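Worksheet for the structure shown next.
Coordinate-derived values only; no laboratory data. The model shown is predicted, which means the values in this text are computed figures rather than measured ones. Please note: Cβ atoms are built from the backbone with ideal geometry, for glycine as well, and neighbour counts cover all protein chains shown.
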Amino acid sequence: MKTTRKKSKRSILAVLVLLFSISLVAFFLQNQNKSKTVPRRDLDYGLVWFGENGRFQKAVSGQPNDYFNPSQPTIIFVHGWLPDQVTIPPNFLFNIPAADGSRDSQVDLAANWIEAGWNVGIFYWHPFADEDLVWVAEDKIWTADTEAAMRTRHADGSFHTEGTPTISASELFYQAYLDAMADYSGSEIRLAGHSLGNQMAVRLAVQLVAGIEAGDVPENLLPTRLALLDPFWSPLPKSYLDGQETGTVIRQEIQEELLPRGVLVEWYRSSLLTETTLLSEDAQALQDKVVYAELAPEFCSSLDQTCRHDAAWQLYFLSYGSPAPRECVPDEASSTCIPTGGYGPTAVTTNQQIAEMMHQSVYWFHGVGPEGEDGRSTPQTDDDWYHRLPLNTGE
């Protein structure tokens with residue numbers, strides 16, 4: 001009887017995953033033209049460094065870059081799936097909604113990092129990430145040998161295969177990273193991957209581990225810290241992964257390749273679009289080993305899950321300029337949340353604090369403070385509270 005019930009639960013779960021995946025695609029296709037980014041038609045794929053006031057310069061092997069100093073700490077952002085957005089890839093300009101309904105204000109999410117002495121970059125793979133179906137873009141992270149190969153979408157909406165790379169997007173990232181960081185001597189490297197971009201970031205880190213073990217890559221190029229920002233892994237078996245799902249492989253790589261080498265890992269979930277990432281046992285096991293937080297970006301409508309999905313990376317970069325959100329523990333007896341004197345996880349949370357938060361069998365939930373303080377309606381984190389809660393790691 002127990003076996004029958006387990007099989008029934010698995011079947012129901014499989015159907016739910018499939019239905020959610022279909023809904024995800026439909027939702028994105030309905031919202032794919034709502035990008036708020038600024039057109040940058042002059043950018044090709046590759047690593048781009050940003051300076052003050054939105055200025056930028058593409059990293060070119062062997063050439064100096066005005067916005068990259070090899071002795072400074074470095075953060076590199078990797079975007080995700082961008083259907084019908086090849087001409088408007090992400091940048092660091094963010095329109096903050098006005099609480100009173102007045103005109104939005106625009107901020108440069110890279111500004112505080114740059115002012116603090118960081119190199120700030122984006123790895124663009126948008127010509128490959130512009131696909132109607134998310135799993136077609138996902139395939140290109142891992143291999144160049146599927147039916148779509150490494151085709152690119154042009155501004156007129158057409159696809160092209162002439163002259164496209166013969167290696168995967170993550171391998172392109174690896175090559176660009178090694179070229180740009182050849183003389184690096186800074187104190188810290190962070191990777192931040194949003195949505196599908198989490199797979200790009202993890203795959204880069206795993207390739208670096210292999211290169212270090214082979215003696216081909218200096219150990220200081222291994223990222224210090226990795227942020228998974230509303231990460232997405234499609235619930236589909238992949239032939240190029242021997243029938244495994246991408247999420248299974250990514251989570252395994254984090255646990256077996258990155259955590260043992262001391263890489264600090266943060267996982268922030270902000271939307272229903274990544275609900276399927278929580279269903280498997282290995283996903284729950286990973287939550288127990290990394291810093292896992294659930295965000296509640298109430299400045300986005302609950303009906304606008306695209307906004308909430310994007311909020312994960314926007315809040316992460318914005319948070320560097322604000323104090324970390326305060327931490328409290330819910331108390332059922334008093335129906336309030338008791339302050340601990342500690343802080344929740346954000347980009348400004350120190351590496352030492354992140355290391356202490358890992359492996360605690362707890363997670364952080366964006367909630368209401370002890371006196372009813374609720375900062376979730378604004379992107380700024382200085383008025384936010386995080387509830388520290390036990391992870392449910394049982395069956």
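Computed from the Cβ-Cβ distance with R0 of 41 Å, the FRET efficiency linking L303 to Q353 stands at 0.75.
Among residues other than D242 whose Cβ falls under 15 Å from its Cβ, what is the net charge (Lys/Arg +1, Asp/Glu -1)? Working shown, then result.
Values: positive: K238; negative: D139, D145, E245, E253.
Charge balance in the 15 Å sphere: -3.
Each of Y363, Y240 was scored by other Cβ atoms within 10 Å of its Cβ. Arranged with the fewest first, they read Y240, Y363.
Between the stretch 141-218 and the stretch 287-364, the alpha-carbon centres lie 29 Å apart.
Taken as Cα centroids, the stretch 69-136 and the stretch 222-284 sit 21 Å apart, rounded to the nearest whole angstrom. Comparing mean-square fluctuations of P89, P379, P218 from a GNM of the chain with C-alpha springs under 10 Å, the top value falls on P218. The modelled label-to-label distance between F365 and Q63, using points 7 Å beyond Cα along the C-beta direction, is 5.1 nm.
Compare the peptides 111-119, 152-160, 189-197 by average per-residue count of other Cβ atoms within 10 angstrom and give them in order, highest first.
Details: 111-119: 17.7, 152-160: 13.2, 189-197: 26.4.
So the order, starting with the most tightly packed, is 189-197, 111-119, 152-160.
In terms of surrounding Cβ atoms within a 10 Å radius of their Cβ, L315, L241 rank from fewest to most as L241, L315. For the stretch 126-152, the residues whose backbone nitrogen is under 14 Å from a point 7 Å from the Cα of T166, taken along Cα to Cβ, are 144-145, 150.
Over all distinct alpha-carbon pairs, what is the Kirkwood Rh of the chain in angstrom?
Values: mean 1/r = 0.0461 Å⁻¹.
It is 21.7 Å.
Provide the net charge surrounding L47, with neighbours chosen by a C-beta distance below 10 Å and charges set as Lys +1, Arg +1, Asp -1, Glu -1. Can you show the working numbers first?
Working: positive: K58; negative: D179.
Taking every other residue near L47 into account, the sum is 0.
Across the chain, the mean sequence separation of Cα contacts (distance under 8 Å, 6 or more residues apart), normalised by length, yields a relative contact order of 13 percent. Among H387, H126, sorting on how many other beta-carbon atoms sit within 10 Å of each Cβ, with the fewest leading, yields H387, H126.
From the mean inverse distance of alpha carbon pairs (Kirkwood) and the Cα radius of gyration, derive Rg over Rh for the stretch 45-175. That ratio is 1.03, to two decimals.
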